1. Could you look through region 114-156, keep only residues that are buried (at least 24 other Cβ atoms within 10 Å of the Cβ) and among the aromatic types (Phe, Trp, Tyr), and pick out the one that is nearest to ARG86 (Cα to Cα)?
2. Between a first residue in region 473-489 that is farther than 23 Å from ALA401 by Cβ and crowded, with 17+ Cβ neighbours inside 10 Å and a second residue that is of a type in the set (D, E, K, R) and modelled with pLDDT of 75 or more, which pairs have beta carbons less than 6 Å apart while being 6 or more apart in sequence or on different chains?
3. Any chance you could count how many residues in region 272-291 are assigned to a helix (DSSP H, G or I) and surrounded by fewer than 17 Cβ atoms within 10 Å (Cβ to Cβ)?
4. So CYS417 fits all but one of (1) more than 15 Å from VAL441 (Cα to Cα); (2) assigned to a helix (DSSP H, G or I); what number is the exception?
5. Consider region 305-337. How many of its residues are closer than 21 Å to ILE412 by Cβ and in a loop (DSSP other than H, G, I, E, B)?
6. Looking at the structure I just gave you, is LEU204 more than 30 Å from ARG287 (Cβ to Cβ), modelled with pLDDT of 95 or more, aliphatic (A, V, I, L, M) and surrounded by fewer than 21 Cβ atoms within 10 Å (Cβ to Cβ)?
7. Of the residues LYS330, LYS343, which single one is out of contact with any helix residue (DSSP H, G or I) (no Cβ under 6 Å at 6 or more places or on another chain), buried (at least 19 other Cβ atoms within 10 Å of the Cβ) and over 27 Å from GLU291 (Cβ atoms)?
Amino acid sequence: MKVLLIKPPYTRLKGVGQAPYFPLGLGYVSAVLNQGGFNARIYHAETPRLRQETALIDADIGFDFRSKSYRRYQQNLKDNNHYIWREIAETLQAFKPDVVGISVLSVEAASAFKISQLTKDYNDKCAVVWGGVHPSFLPDDCLRNAEVDFVVRGEGEYAMLELCQALSRGVVVTSKALSEIQGLSFKDNDRVIHNPARPGVACLDDIPLPDRQNVLYRESIDFKSLGSMIVSRGCPFRCTFCSSRNFWDKKVRLRSPENVISEIASLQDAYGSRHIMFWDDSFTINRKVIEKYCRGIIDSRLRISWKTATRADLIDEELLDLMQKAGCVKLEIGVESGSDRIKRMINKDVSNSDILRAFALLRKKGIGSGAFFMAGFPEETLEDLQETFDFMRQLKADEIAFNVFDPMPGSIEYDKCIELGLITSIPDWNDFPLWPDAYFVKNIPREQFDPLVEEIARWLYRYNNSLPTRLKRSRQHILFLLKNDPVMLIKKTFEYMMRRVKTRQAKTRM
């Protein structure tokens, strides 16, 4: 039985956003399905395939360009003749899947609905399964759509395997058979059935490594994106804007050092990956295990550089020394707000003094630093937002990412937005205002909010793109490549120059 696992297009429909990264979640699902005897393939529909496509990186363009790109996204959703929808329809006809699984974040929900419709147009007998964060928290909302047959909630590898095993028997699958699959939601006539939740996999080493081989259109996959990994699942922290704690588990599960080193080695052997991105929310959550990872990398002489994210209160000088020796060239930290009042409200239990200390340590060690900020929390005031702007300038991070708050299902702030009447209890995800046009603030009139956000974004663009800042954040990575992989350094430099040319061309067209 053929299973096509799809990452929906979002950035690609806008032409602006993050560089497309390998969809690790689908990689794990594909590995389990292929190990279970199915013919599973990954279709990364977020990856540009045509030479004339321009997918610009957020940091390279200004606020006004992002806003225009968001409106372009809304237009392209409604354009049935758009070349991306034609590509998806052609892919379905060529691969002829029996099951289509779609991994869905909330920002991708409208795109995922479109893919579900295209799937039923291709073959109305093809089962459509949604998984990921958005459907895990809104399964009823997703299953209201006639084209969505099943929702897999939470960790999806083995629920998807059991569902495909049930569907592969070639007969009408009974509700009784489906009811035995933990973590599955499905329709039974006019009712929606939610099976009991599936416990998280206790030992992450038991899950096969992500499948990076069975990807359609491999030639279009960015060479850097394959070097992405996670070492943990679960989050013990209480941030009210984030759903990670509720999606995974409050208890953190970590892979063994041997398992992590094995994946790094396989990435080097198969793809020549010398730079790894660890996508964990808080990489240094368990100091003892992280020390073992670092010593394992050092002892194995893998010669990699890597970056990751963590909290300001989870690093110290001794740990940074070991991480740097193991190849860490950049550490990104969630700051969110410069206002102590807002930090208390969103349960960001890290003080400004802790954050300043962490960034001072990173500067001292010469490790690149990144900071994440947000504006537009529901109960934010102009004074809070100004404090964030002031703290942003005080921090002197090597790179700053700035987002306008979007209420994400599964988070406390999402429920708060419903209580405050800022969103409806059943939002229309086909027409939901997202960054940068999002506005979910109770206490700041929009005519005051938008100009200050734009002022911050314009300052930030100048800051991030100044030559001194660019050199600071790239210094360690450049030195690593100069010593270990000069060919890659040339390749990345050429890629950067071409991206700048494309950016100028795109601005001219707009």
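1. That would be TRP130.
2. ASP485/ARG274
3. Residues meeting the conditions: 2.
4. Of (1) more than 15 Å from VAL441 (Cα to Cα); (2) assigned to a helix (DSSP H, G or I), only one is false for CYS417: (1).
5. Result for region 305-337: 2.
6. Working: more than 30 Å from ARG287 (Cβ to Cβ): no; modelled with pLDDT of 95 or more: yes; aliphatic (A, V, I, L, M): yes; surrounded by fewer than 21 Cβ atoms within 10 Å (Cβ to Cβ): yes.
Against the criterion (more than 30 Å from ARG287 (Cβ to Cβ), modelled with pLDDT of 95 or more, aliphatic (A, V, I, L, M) and surrounded by fewer than 21 Cβ atoms within 10 Å (Cβ to Cβ)), LEU204 does not qualify.
7. Details: LYS330 fails: over 27 Å from GLU291 (Cβ atoms).
After ruling out the rest, the residue left standing is LYS343.
Let's see how each residue does on (1) touching a helix residue (DSSP H, G or I) at 6+ places or on another chain (Cβ under 7 Å); (2) of a type outside the set (S, T, N, Q):
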residue: VAL100; (1), (2): yes, yes
residue: VAL107; (1), (2): no, yes
residue: VAL133; (1), (2): yes, yes
residue: LEU138; (1), (2): no, yes
residue: CYS142; (1), (2): yes, yes
residue: ASN145; (1), (2): yes, no
residue: SER175; (1), (2): no, no
residue: GLY183; (1), (2): yes, yes
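The values are calculated or read from the model by the stated rules, or taken from the named source; none is laboratory data. Since the model is a prediction, treat every value here as computed from it, not as a measurement. Because the Cβ atoms are built from the backbone with ideal geometry, glycine has one as well, and the counts that use them run over all protein chains shown.
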